[in-house]
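In what follows, a structure is listed as C-alpha cells, so that the remarks can point back to it.
The values are calculated or read from the model by the stated rules, or taken from the named source; none is laboratory data. Here the structure is a predicted model, which means the values were calculated and not measured. Quick reminder, even Gly has a Cβ in these numbers, built from the backbone with ideal geometry, and neighbours come from all protein chains shown.
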Amino acid sequence: MKLSFDGADRGVTGSCHLLETAGVKILVDCGLYQGGRPAVEENAGDFGFFARDIDFVLLTHAHLDHCGRLPLLEKRGFRGEIVATAATRDLARLVLLDAAHLQEEEARAHARRAERRGETEAPAPLYGLIDVLNVFDRFGRVAVYEKRIELAPGVAVTFFDAGHILGSASVLVEAEGKRILFSGDIGNSGRAILRDPVVPAGGIDAVVMESTYGDRDHRALAPTLDEFYEALNESFRRGGNVVIPTFALERAQELLFTMREGVERNRLPASLPVFLDSPMAISATEIFRKHPECYDGETEALLAKGVDPFGLPRLHFTRDASESIALNAVRGGAVIMAGAGMCNGGRVRHHLRHNLGRPGASVIFVGFAARGTLARQIIDGARKISLFGDEIFVRARVYTINGFSAHAGQTELVAWHKKASPARTFLVHGEEEAMAALAGLLPGPVERPEFSQSFVL
Ligand SMILES: [Zn+2]
Ligand SMILES: [Zn+2]
C-alpha cells in the first residue's frame, strides 16, 4: 500500500492525497490551490500522477480547496467514480459552477489586457463550465455517514461526519488488513446546525490529518454570540445600515440561524430587516434545507416543532441585481449580508461603497480575511480605501468577531487525534508553524510530507 501527498503539503490549500492499494488508485480530494500567483501556477501544473489512472475519488467536502481541481482532473482524462455524501455533491455543483464562471471571466479579463499590450497569447482558464458539467457525470455512489461501501474487491470505505460544513466527512479506507483514516477538515465542536465531528472506533494504522489551527484555540462560542448580538444592537441604536461581508457556504446559514435564535431569545429586535444579498448564499441555503440528515439534534428538534432554522420575520432574499442595487437607496436600519467574505469581489463591494463613508453605519467581519484583501485593509484600520476608482474615507464603525470558525482549534485537534489513536500520523492542510506546533503535541511518529512525497504503509 502506497500513500502519496500531491497537495496541501506544508500549506492549507490544494488538498490531494493518493492511496494505491489492492490494484486500485484512490484519490482523496482534488482541491484548488488558493492565494495569489504561485497558486495559479500550482493549479495549472502536473498533478504528480496521471489523471486517467485514477479509479476513484473520495471527496471529503465541497470547499474549493478540496474539490476545485476535479473538473481539471476530468479534463485531463479521469474516467473513474467520485464518491461523496449527497450534501457534498449538491454543494460541490454550486461551488464548481461558480469557480468555472470566475475562471472564464478572469481569462477574458487577461485576454483583454494582453490584447492591449499587443500580445497574441493569453492564459486559458483552468477549466470551463463544460468541464464542470462533465465531471458531474463521474459522481457515482452516494456515501451515507457510517455506512460501509465496498469500493472495489478488497477495498471498503466509510464516511464519518466531520462536523465542518454541511455534508463534510472524514473517510476511513480499509484494505490489505489496514485501516487508513483521512480526516478531511475537522469541524469546531458545539456549532450551530452541524453535529460534532465523529471519529471511527477501533485501531487506526495511519491518519492523514488537517492542522489548520494546530497552533491556537478559537474564542469560545458563547462570548462570540454575545459580541455579535451587541454589535448588531449597537449598530441599530446608531441608525445606519449594517454590512456583513459573508462567505456563501456555511457562514451565511450559521448567521441566519444565529440571528433567528437572537430574535427568539429577545436578544435582537424582531423588526430586524435582514437582506441576504448573494445568489450563491441563497442557493446554498436552499441546499441546506434539502439535507436535514446532516443536522444536529438541536436543529432537528426545531424542524420537528415546525420552526424554520434559517427563518427570520423580516428576511429578504435578493437574487436579482436590480434588487441588490435598490438596497443602495436604503440609508439606515438594514442588515445586509453579501459576498465575497474577503470583499475581493462580489456585491459587498457596492454596499461598502455606499456605507463605509457613513458615520452611522457598521461593518461586521465574521470570518477569516487573507493578507492583501480589502477586508484585511479595513480590519487593519485603513482610514481611506479605494473602490471602483473612488476614494472612500472609513467613517463607519468596524467590528471584527473572531469566534465563528468552521475548523477545530488546537485543543480539539489533539482530542480528535487521541480518539483515533493512530499508529502513525501524517499532517497536511496547515501552515508550517501550525503544523509544527501540533506535531509537538501528538504521540507516535508524526510526518509532515513534502509535495509528491510517498510512503509505503
Ligand atoms: Zn473546508
Ligand atoms: Zn480545507
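Say whether the condition of being of a type in the set (D, E), in contact (Cβ under 8 Å) with a residue 60 or more places away in the chain and within 16 Å of ligand 2 (Cβ to nearest atom) is met by at least one residue in the range 201-211.
Looking for residues that are of a type in the set (D, E), in contact (Cβ under 8 Å) with a residue 60 or more places away in the chain and within 16 Å of ligand 2 (Cβ to nearest atom), one finds at least one in the range 201-211, hence yes.
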Problem set entry | For L356: the one exception among (1) crowded, with 16+ Cβ neighbours inside 10 Å; (2) within 16 Å of ligand 2 (Cβ to nearest atom) | (2)
For this session: Those residues that are surrounded by fewer than 24 Cβ atoms within 10 Å (Cβ to Cβ), acidic (D, E) and either over 18 Å from H291 (Cα atoms) or not assigned by TED's automatic domain parsing to the domain that holds M209 (or both), I need them from the range 155-189; list them, please.
Result: E174, E176
For this session: List every residue pair whose Cβ atoms sit under 8 Å apart, with the two residues 6 or more apart in sequence or on different chains, where the first one lies in the range 378-395 and is small (G, A, S) and the second, anywhere, is outside any strand (DSSP E or B).
Result: A382/V394
Exercise. Taking the range 152-198, which residues are aliphatic (A, V, I, L, M), within 13 Å of ligand 2 (Cβ to nearest atom) and either assigned to a loop (DSSP other than H, G, I, E, B) or at positive phi (or both)?
Worked result: A162, I165, I186
Exercise. Does E119 fit the bill of being farther than 28 Å from Y145 by Cα and either away from ligand 2 (no atom under 16 Å from the Cβ) or assigned to a helix (DSSP H, G or I) (or both)?
Worked result: yes
Seminar exercise, completed: Expected output for the range 38-57 (first residue over 25 Å from V142 (Cα atoms), partner part of a helix (DSSP H, G or I) and at pLDDT below 95, Cβ below 8 Å, 6+ apart or cross-chain) is none
Seminar exercise, completed: Of the conditions (1) hydroxyl-bearing (S, T, Y); (2) buried (at least 19 other Cβ atoms within 10 Å of the Cβ); (3) at pLDDT 95 or above, the single one that S454 does not satisfy is (2)
